[in-house]
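A.B. asks: First the structure, then my questions, so here it is.
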Amino acid sequence: MKGNIYIETYGCQMNVADTELVLGILKNNGYELTKNAHEANVILLNTCSIRENAEQRIYGRLGNFKTLKTLKPDLVVGILGCMAERLRKDLIEEKKIVDVVVGPDEYRKLPELIDTAFNGEKGIGIKLSRTETYDDIIPYREDGLQAWISVMRGCDKFCTFCVVPFTRGRERSRTLNSIVNEIKQLSLRGFKEVTLLGQNVNSYLDGNFDFADLLSACAVVDRNIRIRFTTSHPQDLSDKLLYTIAENSNICNYIHLPVQSGSNRILQLMNRTYTIEQYLSLIEKARKIIPGVSFSTDIISGFPTEAYEDHVMTLDVMRLVKYDGAYMFKYSPREGTKSFKMGDDVPEEIKTKRLQEIIELQQNISSEINQSLVGKEEIVLIEGLSRKSEKFLSGRTDTNKIVIVPLEENLAEGSYVKVKIERATSATLFGNVVSVIEPGRETLPLTA
Ligand code: SAH
Ligand code: SF4
Ligand code: F3S
């Protein structure tokens, strides 16, 4: 054994999937995983640069590990992911405790770079690649129900506010075959849900196979595995893809389709490549092709030059679409992006006020949608005991809503059940099981 690795993951699901790749690579090289930082010889932070506060959190965490390093001078501390790529050598110069800096395309070199650090030098790997997809690497996954699979890497869209094209490089896709094989393995291990990941999953391309082909190939592997995917860019959401979702019962009727703003002027400044009219007609078309489809979105408040009228247009779009959920952010200027040069002219208190209005509106919409489900029946995948009480189980619908049902002896983690919804809040549905559709893997303990 070479040593114990402790790793923390920040940022998006792509980073969660990358952490599993990194652990796959390191375990193959004789490292073990520990969940206790005090037992580790190597501490890794897989980081995010998307907004200023994401980076601030990491700096805070590095401060915590400084004490540990004084106690244990041989400890190797490494920064992986988007911050490694964005800040590169500066990280090592500014933060003396950092020994290893490895960007998203150089994880194969990690064992070597950690050795370099053990030998007292700094291990740096920050080149981006046009081809690296880690197609042949088996990620390390603990047993469970839900798995993330990266199907493509990078982003070519260059939205003017976003660091991702700089931290993750150009778009490239994994092979369809390797993805299908990975799902076959997950099926044998009893997984029940797979989420295909990419910054723009629908730009996936492997030879002649596009994302719709990939989705249908994944869906037939095991009809008891639900297939989810994220994120979709409105520009690439093809009719073929919509029909593929409609035709396969185990592809979830749920599309994360970030709008960012409701104002065409702002959308243009953001380089989002669609108008709000095009976006809304896409939603309308999707609702025709996939009855009952639901949407979630990302929204930025306070983009440079955003006026009150622009903000109102965003609220209007939210009311029109009625998203099931939204991730809502204050604009954060990132050095090196195009919008950085536009200034950051919306005052902080206005950004905060607008964001608050956006959040409140979304809460109202979510509770309205959830209330409309009371009395209806939903198919739920049981995931385990509810977080709040051992007498209840928690699961999710196809449209990703959390449903709480009373614990019953015949219900197992991984079961699909039909639930009648009895009441709802903006975040959660509560109901009773009507019937078990597909039995799960193991019967849950009646007490924890
Ligand atoms: N590839 C995905 C998501 C990228 S990051 C997509 O295109 O939708 C997730 C979200 O973070 C973005 O959708 C955007 O809403 C937000 N985001 C990105 N850069 C930001 C910035 N500089 N300030 C605030 N929010 C940002
Ligand atoms: Fe960033 Fe835009 Fe690419 Fe999404 S599509 S990752 S927001 S540049
Ligand atoms: Fe963050 Fe990088 Fe993901 S910047 S959101 S971890 S792609």
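We did not get these values from a lab; they are worked out from the coordinates using the rules stated. Every value quoted in this text rests on a predicted model; they were computed, and no experiment measured them. Here Cβ is always computed from backbone atoms with ideal geometry, including for glycine, and neighbour counts include all displayed protein chains.
A.B. asks: Quick one: 3J(HN,Hα) in Hz for the stretch 97-110, Karplus 6.51/-1.76/1.60 with θ = phi - 60°, rounded, Gly and Pro as x.
C.D. replies: For the stretch 97-110, the Karplus-derived couplings read 7, 7, 9, 10, 10, 10, x, x, 9, 10, 5, 4, 7, 3 Hz, x marking Gly and Pro.
A.B. asks: Lys341: which aspartates and glutamates have alpha carbons under 19 Å from its alpha carbon, excluding same-chain residues fewer than 8 sequence positions away?
C.D. replies: Within the straight-line cut-off, Lys341 pairs with Glu52, Glu306.
A.B. asks: Taking 7 Å along the Cα-to-C-beta vector as the label spot, tell me the Glu377-Gln363 distance in nanometres, rounded to one decimal.
C.D. replies: About 3.4 nm separates the two model spin labels.
A.B. asks: Then there is this: Give the long-range amide H neighbours of Ser301: residues separated by 5 or more places, or on another chain, with amide H under 5 Å away, using H modelled in the peptide plane at 1.01 Å from N.
C.D. replies: Here the answer is Phe329, Lys330, Tyr331, since their amide H atoms fall under 5 Å of that of Ser301.
A.B. asks: Can I ask one more? Which percent, to the nearest 5, of DSSP beta bridges fully inside the chain are antiparallel?
C.D. replies: 40 percent
A.B. asks: Could you check what % of the DSSP bridge pairs in the stretch 377-437 are antiparallel, to the nearest 5?
C.D. replies: So the antiparallel bridges amount to about 90 percent of the total.
A.B. asks: Could you name the lysines in cross-link range of Lys72, using Cα to Cα under 26 Å and dropping any fewer than eight places away on the same chain?
C.D. replies: Lys2, Lys27, Lys35, Lys89, Lys95, Lys96, Lys109, Lys122
A.B. asks: Starting from the amide H of Tyr254, placed 1.01 Å from N in the peptide plane, find each other amide H under 5 Å away whose residue is 5 or more places distant or on another chain.
C.D. replies: Close amide H contacts, sequence-distant or interchain: Ser294.
A.B. asks: What is the fewest-to-most order of Tyr308, Tyr416 by other Cβ atoms lying within 10 Å of their Cβ?
C.D. replies: With the sparsest Cβ surroundings first, the list reads Tyr308, Tyr416.
A.B. asks: Starting from the amide H of Ala326, placed 1.01 Å from N in the peptide plane, find each other amide H under 5 Å away whose residue is 5 or more places distant or on another chain.
C.D. replies: Placed amide hydrogens put Thr297 under 5 Å from Ala326.
A.B. asks: Could you derive backbone 3J(HN,Hα) for the stretch 256-265 from the dihedral phi with the Karplus parameters 6.51, -1.76 and 1.60 (θ = phi - 60°), listing whole Hz in sequence and x where the residue is Gly or Pro?
C.D. replies: With the stated coefficients, the stretch 256-265 comes to 8, 10, x, 9, 6, 7, x, 9, 4, 4 Hz.
A.B. asks: Enumerate the calculated ³J(HN,Hα) couplings along the stretch 129-143 in order (Karplus 6.51 cos²θ - 1.76 cosθ + 1.60, θ = phi - 60°), each rounded to whole Hz, writing x wherever the residue is Gly or Pro.
C.D. replies: For the stretch 129-143, the Karplus-derived couplings read 10, 8, 10, 5, 10, 6, 4, 8, 8, 8, x, 8, 10, 6, 4 Hz, x marking Gly and Pro.
A.B. asks: Over the alpha carbons of the chain, what is the largest minus smallest coordinate on each principal axis, giving the biggest first in Å?
C.D. replies: The Cα atoms of the chain stretch 64, 55, 46 Å along the principal axes, largest first.
A.B. asks: Further question: Quick one: of Lys157/Lys288; Lys338/Lys401; Lys157/Lys401; Lys288/Lys376; Lys388/Lys420, which pairs are farther than 25 Å apart, Cα to Cα?
C.D. replies: The answer is Lys157/Lys288; Lys338/Lys401; Lys157/Lys401.
A.B. asks: I've got another one for you. Between the stretch 241-287 and the stretch 316-381, what is the separation of their alpha carbon centroids in Å?
C.D. replies: 15 Å
A.B. asks: Here is a follow-up. Show that you can apply the helix-only estimate: for the chain, add -39,500 (n - 2.57) for every DSSP H stretch of four or more residues, divide by all residues, and state [θ] at 222 nm to the nearest 500.
C.D. replies: So the helix-based figure for the chain works out to -10500 deg cm²/dmol.
A.B. asks: In what sequence, highest mean first, do 328-339, 57-68 appear when ranked by Cβ atoms within 10 angstrom?
C.D. replies: 328-339, 57-68
A.B. asks: In straight Cα distance, which aspartates and glutamates are under 14 Å from Lys240, not counting same-chain residues fewer than 8 positions off?
C.D. replies: Asp210, Asp213
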